[in-house]
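A short write-up of the structure that comes next.
The values are calculated or read from the model by the stated rules, or taken from the named source; none is laboratory data. Only a predicted model underlies this, so the values are computations on that prediction, with no experimental measurement involved. Positions of Cβ are generated from backbone atoms using ideal geometry, with glycine treated the same way; all protein chains shown enter the neighbour counts.
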Amino acid sequence: MIAGLYIHGQSALHRAAAGAKILAMVALGTGVFLIPDWPVVAFVLATVLLLYPVSGFGPRIMWAQIKPILWLLVIFFAVQLWLNDWQAGLLVITRIAAIVMFASLVTLTTKTSDLLASLERAMQPLRPIGVNPEKVSLAISMVLRFIPVISTVASEIRDAQRARGLDRSIIAMVVPLIIRTLKMADDVADAIDARSFD
Amino acid sequence: MKTKDIVYVALFAALTAVLGLFPPITLPVTGVPVTAQSLGPMLAGAILGARRGGLSIVLFLVLVAVGLPLLSGGRGGFGVMIGVTGGFMFGWAISAFVIGLLIEKFWNRLNVFNAALSIAFGGIVVLYAIGNAWVAVVAEISYWQATVGAAPFLIGDAIKVAIATAACLAVRRAYPLISKAG
């Protein structure tokens, strides 16, 4: 089973309902786009950053959240500096940082299973338009099961193609991977139908 | 949706996740990283068709959003979904759907040219139209500036279109799925 990005803790944010955190995230994401002044957005960012130690996360975890987009922030700041002024640059990067840091905080404090449970509840009203939450849940469980299986198949194919001297050919890798994946589907579908799912 | 369709959807979501495990190739000179993962939406659309292909990418994105580190480089969670590159994430689902529609349309007379054009249209034109719009809004730059900024990534995408086209045609011969769906 793949481990989620959730980090265990006891803080108020950890205990808050998943749906409430998602709504807060949407509200914050919309809010910072409506604020045209960088000092206000910077204040929002500072508040979000403060929530990290409050939720029991140290600077190392904070850094890990922002690191992947740091280069983009630098570019965006430079572009604004070139086109407009440094205030516009700060507005853009504090805005992005606030959204990303809060969204990451929601991910860090909410169990994948809780998010999936709220997703299933949120899908119930969609039943009349043909969305079947049970089928979605089945699909989700299957993906989690298939990732390690397909990953094993991929390394088998890589070994086989290396023996043929084809290990640098992506086509020789991708085509057998897809065909073996599709063949798997027949057996899995039969197994599910044999157990009278539906 | 029949059980088998659900299985196909799940398998291609998983395949997209597995493609993210392959180490990215860094292009010479420009230094732009090319990941195998964005092949996922192209393959899903070209092999499963519009509906199943689009849904398999939606399913993949749902799992990323709920906090599984399935994106290339072990990333995941809401931060990447609504961050700077969020438009490309949502664009993947639309691009798989559009590729699927076009491939279905050309299915009976599919050849290298119309397959490559379908995949390039959905996987580059549609994808960047959405992704660049998102970047333009988030970074407060013009649409044109966002497009220029994304240009270095096109080399990797051209390679991926070629791979997806070859894979789509090979799989169509060996294991056609779209005609079966009717």
Does A:GLU134 count as exposed (fewer than 15 other Cβ atoms within 10 Å of the Cβ), in a helix (DSSP H, G or I) and at pLDDT below 90? yes
Just one listed residue, out of A:LEU126, A:LEU115, A:LEU108, is more than 10 Å from chain B (Cβ to nearest Cβ) and more than 24 Å from B:ALA46 (Cβ to Cβ), and it is A:LEU126
Of all the residues that make up region A:1-27, how many are under 18 Å from A:ALA97 (Cβ atoms) and surrounded by fewer than 19 Cβ atoms within 10 Å (Cβ to Cβ)? 3
Does region B:24-40 contain any residue that is more than 14 Å from chain A (Cβ to nearest Cβ) and either aliphatic (A, V, I, L, M) or crowded, with 23+ Cβ neighbours inside 10 Å (or both)? yes
Just to be sure before I move on: is A:VAL131 of a type in the set (Val, Ile, Thr), free of Cβ contacts under 8 Å to residues at least 12 places away in the same chain, within 30 Å of B:THR3 (Cβ to Cβ) and more than 7 Å from chain B (Cβ to nearest Cβ) in the structure I sent? yes
Checking B:GLY87 against (1) more than 14 Å from chain A (Cβ to nearest Cβ); (2) small (Gly, Ala, Ser); (3) within 26 Å of A:TRP71 (Cβ to Cβ), only one condition comes out false. Which one? (1)
I'd like the full set of residues that are among the hydrophobic types (A, V, I, L, M, F, W, C) and more than 18 Å from B:LEU21 (Cα to Cα), limited to region B:33-58. B:ALA46, B:ILE47, B:LEU48, B:ALA50, B:LEU55, B:VAL58
Given (1) assigned to a loop (DSSP other than H, G, I, E, B); (2) closer than 30 Å to A:LEU34 by Cα, identify the lone condition not met by B:ILE130. (1)
Just checking, which of A:LEU70, A:LEU108, A:LEU90 is buried (at least 17 other Cβ atoms within 10 Å of the Cβ) and under 20 Å from B:ILE82 (Cβ atoms)? A:LEU108
